[in-house]
Structures are given as C-alpha cells and as structure tokens.
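Notes follow the structure.
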Amino acid sequence: MASWGDLLNYAFISLRHRSLRSYLTVLGIVIGVAAVVSLISISDGLMASVAEQLEAFGPRNAVVTPGDISGMAMSGGGYAPPSQGKLFEKDLERVRSIPGTIYVSRTLSVRMPLEFKDETITATANGIEPEPFLKMMKISVSEGRFLDENDHGTAVIGRNYADKSIFKRNAMSVGSVFYLGENKKKFRVVGILDSSSSVSKSMLVIPFDDAKELAGDTIMENELSSIRFAVAEGYNFDATIDDVTWTLASSRSVKTDKKDFSIVTSAFILQQVGQIIGVLTAFLGFIIAVSVVVGGVGVANTMYMAVVEKTKEIGTLRAIGASSHVILMLIVLESAILGLAGGAIGLFIGWLISLIVSFFGFKAVISVWLAFSALLFSVLLGVVFGFLPARKAAKLSPVVAMGQG
C-alpha cells in the first residue's frame, strides 16, 4: 500500500497539472469561507463590544422605562414612546419600597435645541440626581468635576462635545457656556467625562430640577422619563427584578405579560442585541450558504473532470497493483487539498475584511476556534463533494479504463 507521503506527492502533482482549473475551483471556496469568517467575526465583535460597553451600565443595575419594549428587536419598526404607560414620582416611591433596591433615582430627558457660540444642534439633556447616578454608573470625569446636589445651571458633557465630533467649528471645554431650549436657558460646563465608554462620549447631563424647568408643560405633573436603581449585594438579582415588575404592574392594574413599562438590565440589552444580530446573521448566512454550495459543486465538477481525463492513468495504476482504496484516497485527497487551500485563503481574506471593518469603528473578533472551524469546514467540504467522483474512479475496471484511455 502507498504511503501518505506518496499519496500527497501524487495529489500535488496532479493538481499542478490542472492549475487553472484548480485555482478557479478554490476561488469558489475562498469566497464562501471569507464571507463566513468575516460575518461571524463581526457578529462576535459586536456582541463583545456591547458587553464591554455594558460594563458602564453595571451588572446589578436596572432602569424602568415607559412602554413595553421587550419585543422591539423582532418587530418591524423602532420603538416609539407610548401615549400611556408613563412613569411618575409615585412609581419611584414604589420601587424604593421594595427590599433589595438601592440608589433609586429619577431621570428626566429633554430633547431640544442646544446653542453654543454660532452653532445650534438638537440634543438630549438628561436630568439626573448626581449622587445615586455616580454610584450606579461606572464613569468618571477626566476634566473638571461632576455635578453637585445643589447645582443649578451646570452641565457635564461627554468627550464628543469637546473634540469637535458634535460641533464642527467649536469645541466645548470646562467653563464653556451654552444655551438650551427655546427660552435659551444658560448652562455652564463644569466637567468632561472620560472616553472609556461610547455611551459617556456623547452624554449630556444636567441637574434634575433644571431638566424639569426646561420640560415645562410638555410633560405631565411629576412625570419621569425613567427610574434607575440597583440591586444590593446579598439579594437575588432576578428575584428583585420580578418583585419590582409585579409591584409596578399591580399598582397600574396590568398583567405582567401585558405591562406598559419595561425594566432594562444588561442581560435584557444583550438579549435584544443578540436577537437583532441573529436575524441579520441568519439572512446573510443563507446567502453565504448558497456561495459555499456553489464552491462545493465546483470541487465535485473538477474532480469528475479529473477522473474522466485520467481514466487511462487510473487504469494503469490499477494494473500495477493499486487497490480501489488507494484510488479512492488519491481523489479524496486532491479534493481535500482544494478545500484546505480555499479555506486558508478564505480565512486570510476574512481576517483582512475584519481588520478593515475595525478601522471604521466596528469591532471584529476572529477566535482560534473560528479559524480552526473554518479550515476544518473547508476540508470537509472538499472531502464530501469529492467523494462521489473518487468512488467512481475506485470502481473503474483496469481493463476497461485502459481501453477508454
């Protein structure tokens, strides 16, 4: 029986004699593997990036928001704030009364014109209570200071306001003065947040009472945009979240499966993002699967043609003692090499695509497991689609094969 070295040498010589056809066959696999690797790496990168950004949110933190947004990832459109299901100060007190909840605070978000020097944009200012906000959020100030409890007319901004990412001609700094709303309420910047989180980069926070004044009669009395709280150590996080859900639902006379509010946690956000990425990946995956099948059919076609062209050669090999098993291994080995070559090149191109995408701010992750799986998949693809031509070659009678040659 021939050694593996002899078989490999024969396979490489055979492929070299059909170099153009081999290159074209490999191209189909390259496209499929490159698409698979880049898609999975970008999807994994997005999930890793979201998880990283959620560190600022905190694993034991939660936010109560108006409206049920639990199915927004799978719905056809975006989420719009509901006309009913608003949050009020009394809901804040209910959350505060539940055992295990700490740092319970209110937030009021106002979206209105922001004027700074000669530029005007539309911005969202978040009115917060400084002390509990800082205890919950893993953010820090790189310049100046954060808001104090007794502050009025002050603001803390994200790095994007200070590096001309938002204002194209002017950059804010500590001490800068800007105006919010139609009545142009004056604010002075007292601090700039660090840029460790993408969320904090574009954040604009002001004292809660200032946000309430800006909102005016556009909101109902004692209305809130959201309620923030954390679950204390020693309390079961999920059980406490269930208690908050049940308490708010009961007070609002709604069933928990038809509630008019949502409780957003880091796990909830990951689940929603995962659903969105999953749908996108499934759709693109179908298209990529077609490309992979086309590549596999190319392998099968190439090997069938090789069997036809080498009929006499196969007959000679059989006549000098090569068994049908050796013939089978020769053809399968050739197709496996084609698959491996296509997989290796496709993996490299997929890595290049991921690298290019990362330059545009999208994180892409190619794990060792993904690289190994891509190579293994491409080899198996070659073996599977090369098996039938190999089986046909192995069954050729030496006499008939030499006669056909």
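Quick look at the numbers
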read-out	value
Scope segment 226-265; condition closer than 20 Å to SER109 by Cβ and among the small types (Gly, Ala, Ser); matching residues	SER226, ALA230, SER262
Among residues of segment 174-203, those that are touching a helix residue (DSSP H, G or I) at 6+ places or on another chain (Cβ under 8 Å) and either charged (D, E, K, R) or in contact (Cβ under 8 Å) with a residue 60 or more places away in the chain (or both), counted	10
Test set (1) of a type outside the set (Phe, Trp, Tyr); (2) modelled with pLDDT under 95; (3) assigned by TED's automatic domain parsing to the domain that holds GLU213; (4) buried (at least 20 other Cβ atoms within 10 Å of the Cβ) - LYS138 fails condition number	(4)
All positions within segment 167-198 that are out of contact with any Gly (no Cβ under 8 Å at 6 or more places or on another chain) and crowded, with 22+ Cβ neighbours inside 10 Å	MET172, PHE178, LEU180
Within segment 100-152, tally of residues that are more than 19 Å from ASN183 (Cβ to Cβ), of a type outside the set (Ser, Thr, Tyr), in a strand (DSSP E or B) and in contact with a Lys or Arg (Cβ under 9 Å, 6 or more places away or on another chain)	4
Residue identified as modelled with pLDDT of 65 or more, of a type in the set (Val, Ile, Thr), in a helix (DSSP H, G or I) and over 18 Å from VAL379 (Cβ atoms) among ILE29, ILE42	ILE42
Selection count, segment 235-244, where residues are surrounded by 15 or more Cβ atoms within 10 Å (Cβ to Cβ) and more than 28 Å from the chain's Cα centre (by Cα)	4
SER226 being assigned by TED's automatic domain parsing to the domain that holds THR120 and within 32 Å of the chain's Cα centre (by Cα)	yes
Hits in segment 199-234 - residues which are of a type in the set (S, T, N, Q) and crowded, with 17+ Cβ neighbours inside 10 Å	SER200, SER225, SER226
Extreme residue, surrounded by the most Cβ atoms within 10 Å (Cβ to Cβ), among residues of segment 104-135 that are under 18 Å from VAL189 (Cα atoms) and among the β-branched types (Val, Ile, Thr)	ILE128
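The values are calculated or read from the model by the stated rules, or taken from the named source; none is laboratory data. None of these values were measured; they are calculated from a predicted model. We place every Cβ from the backbone using ideal geometry, glycine too, and count neighbours over all the protein chains shown.
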